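Take a look at the structure below.
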Amino acid sequence: MAALRDVEAGAQAILALLDLSPEDVLLEVGTGTGTFALAAARCCRKVIAIDVSPVMLAYATEKAQEQQVTNVEFAEAGFLTYEHRGEPVAAVVSQLALHHLPDAWKRVALGRLHGFMREGARLYICDVVYAERAKEDWASYFQGLVDSVPDDRREEVAGHIREEFSTFDWTMREIIARAGFTLERAQVEGAFLGHYLCRRS
């Protein structure tokens, strides 16, 4: 991901939107290498960082130890398997993880997150979405997305379109609303990277 975007700067931008206090608890779903979780740990009392990949969690844990960060709790779990214990969280962040679930399960996943969050808590989602609402020729539309990226990334993008469950921007907005969140800010960056800042209704 570092080759595609400035991950550290992105983490700081997200944290500014969340406006966390030093006493807050944050949940990150799909922590990957732990970059965001470690940045967030400097802003709040505790970060719970979950991922379905034990390899990623081992790497993230090692990074935390190297940086002497002690207030991040790593756990092997995902949207549908994580069981929250303790006080409701002040914020939830998920980046490039929700597209692994079909749309019906995205709704279930966000509904579960809603139950872990305190009233007024914020949810930040960044994921692959398709900006167009309707097309007569979908094959040409998706081929256009593939052609819009550099040559060395075209097979990666084509594989994502074929194999993952990325949805449309308008669908994502509706899923967010039906899960009990109010959308505060939404933006599609480029052709297919959606950013959504939501508040627990």
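The values are calculated or read from the model by the stated rules, or taken from the named source; none is laboratory data. Note that this is a predicted model, so its numbers are computed, not measured. Cβ coordinates were reconstructed from backbone atoms using ideal geometry, including for glycine residues, and neighbour counts include every protein chain displayed. Side chains included, ligands, DNA and RNA excluded: accessible areas come from the protein's heavy atoms. Shrake-Rupley method; radii C 1.70, N 1.55, O 1.52, S 1.80 Å.
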Gaussian network model of the chain, Cα springs within a sub-10 Å range: biggest mean-square fluctuation belongs to which of 176, 161, 125?
161
Listed residues 38, 57, 67: farthest to the positive end of the dipole of region 11-88 (Cβ charges)
67
Can you list the equivalent-ellipsoid semi-axes of region 116-182, largest first and in whole Å, using the square root of 5 times each Cα gyration tensor eigenvalue?
29, 15, 9
Determine how many Å³ per residue the convex hull of the Cα atoms of the chain encloses.
118
So, R0 is 35 Å and r is the distance between the beta-carbons of residue 66 and residue 201; what FRET efficiency does that work out to, to 0.05?
0.30
So how far apart, in nm, are the two label points at residue 185 and residue 42 if each is 7 Å from Cα heading toward Cβ?
1.9
Mind checking the full-extension length gain between residue 19 and residue 178? Use 0.36 nm per residue of separation minus the Cα-Cα distance, one decimal, nm.
54.8 nm
First check a/c for region 1-116, with a ≥ b ≥ c the square roots of the eigenvalues of its C-alpha gyration tensor; if it is under 1.5, answer rounded, and if not, answer prolate when a/b is larger than b/c or oblate otherwise.
rounded
So if I place +1 on the C-beta of Lys and Arg and -1 on the C-beta of Asp and Glu, and nothing else carries charge, what would the dipole magnitude of region 1-90 be about its Cα centre? I want it in debye, nearest 20.
80
Just subtract the alpha-carbon distance of residue 146 and residue 158 from 0.36 nm times their residue separation and send over the number in nm, one decimal.
3.7 nm
Of the accessible area of the chain, with the probe set at 1.4 angstrom, what percent is carbon plus sulfur?
51
Cα shape, region 153-201, gyration tensor, a/c 1.5 rule
prolate
Furthest towards positive pole of dipole, 131, 109, 192, structure part region 108-201, Cβ charges
109
With a 1.4 Å probe and all protein chains kept in place, how do 138, 170, 105 rank by accessible area, largest first?
105, 170, 138
Taking the Cα centre of the chain as the origin and placing charges on Cβ (Lys, Arg +1; Asp, Glu -1), which of 79, 120, 140 is farthest toward the positive end of the dipole?
120
Measuring from its Cα centre, the chain shows a charge dipole (+1 at each Lys and Arg Cβ, -1 at each Asp and Glu Cβ) which, in debye to the nearest 20, is 720
Suppose accessible area is computed on protein heavy atoms with a 1.4 Å probe; arrange 70, 182, 33 from highest to lowest.
70, 182, 33
Once Lys and Arg are counted +1 and Asp and Glu -1 for all other residues with Cβ under 14 Å from that of residue 57, the total becomes -4
To the nearest 10 degrees, how steep is helix 138-147 against the longest Cα principal axis of the chain, on a 0 to 90 scale?
70
Taking the simple approach of a point 7 Å from Cα along Cα-to-Cβ for both residue 73 and residue 53, what is their distance in nm?
2.4
Note, region 177-190: 3J(HN,Hα) by Karplus (6.51, -1.76, 1.60, θ = phi - 60°), whole Hz, Gly/Pro = x, goes 5, 5, 7, x, 10, 9, 7, 9, 7, 9, 8, 9, 8, x
Residue of 144, 32, 120 that the Gaussian network model of the chain assigns the largest fluctuation, springs spanning Cα pairs under 10 Å
144
Amide H neighbours of residue 121 under 5 Å, at least 5 residues apart or on other chains, H built in the peptide plane: list them.
200
